[in-house]
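Engineer: Mind looking over this structure? Questions follow.
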Amino acid sequence: MRFAAATTTFLLTPAALAFPSPWRSGNPIAERATAQDREVTDRYLFDTALSDFLDKSRAKDPATLDWTNDGCSLSPDKPAGFDFLSGCIRHDFGYRNYKAQGRFTLSAKKKIDDQFQKDKAAVYAAVVRSGTFGAGPGKRGEGEETPRTLEEAVAECNKALEGARREGLLLGPEYDCTPPVLVD
């Protein structure tokens, strides 16, 4: 009888270890995450234009990924007129899917956070290039000009952010108007 139990254990242990087990990683979703889900997550995070990513997000394509988000959490979505909500949505997508796929490490967190900074920099650069910073309804008086140089835009942006901080609209220094360094 002892021999039969030992033989059964010896023969079945490798077979049991070969099948995915939610107890092995502690995360059943991570166990089910396919290589394709991981590849799509990375492509959408790091190699897809933000506008194309938002199309995928609205369509929840593919449905196997976590598309939930909470916007910009503790910060406003549009500090001083800069619409960072789309970057926040992609940032949430990265965190949630990397965690669900069991690959949220310090280096992965840094890579996702760096992409968020690039997304914010792209929004900032587009607004400054367009000359529309602060040009919305009620923002400028009749005859006031939009900033002509990057330095003027940065100074105006810093003034707007400081006002938003004084009014309690921004909780921390995570937003500033330092011109982004865009690296290709």
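Nothing in this text is a laboratory measurement; each read-out follows from the coordinates by a stated rule. Just so you know, these numbers come straight off a predicted model, no measurement behind them. Using ideal geometry, Cβ is built from the backbone for each residue, glycine included, and neighbour counts are taken over all protein chains shown.
Engineer: Looking at segment 63-77 only, could you name the residues that are out of contact with any helix residue (DSSP H, G or I) (no Cβ under 7 Å at 6 or more places or on another chain) and under 23 Å from Glu156 (Cβ atoms)?
Structural biologist: Ser75, Pro76
Engineer: A follow-up question, please. Take the residues in segment 52-71 that are touching a residue at least 12 places away in the same chain (Cβ under 8 Å) and exposed (fewer than 12 other Cβ atoms within 10 Å of the Cβ); name whichever of them is farthest from Asp113 (Cα to Cα).
Structural biologist: Thr68
Engineer: Would you check if Leu45 is part of a helix (DSSP H, G or I), surrounded by fewer than 16 Cβ atoms within 10 Å (Cβ to Cβ) and in contact (Cβ under 8 Å) with a residue 24 or more places away in the chain?
Structural biologist: When the stated conditions are applied, Leu45 does not pass them.
Engineer: Right, another one. Which ones in segment 72-131 are over 30 Å from Glu167 (Cα atoms), crowded, with 16+ Cβ neighbours inside 10 Å and of a type in the set (S, T, N, Q)?
Structural biologist: Passing the criteria: Asn97, Gln101.
Engineer: Here's another thing I want to ask about it. For segment 100-112, give me each residue that is free of Cβ contacts under 8 Å to residues at least 40 places away in the same chain and outside any loop (DSSP other than H, G, I, E, B).
Structural biologist: Across segment 100-112, the qualifying residues are Leu106, Ser107, Ala108, Lys109, Lys110.
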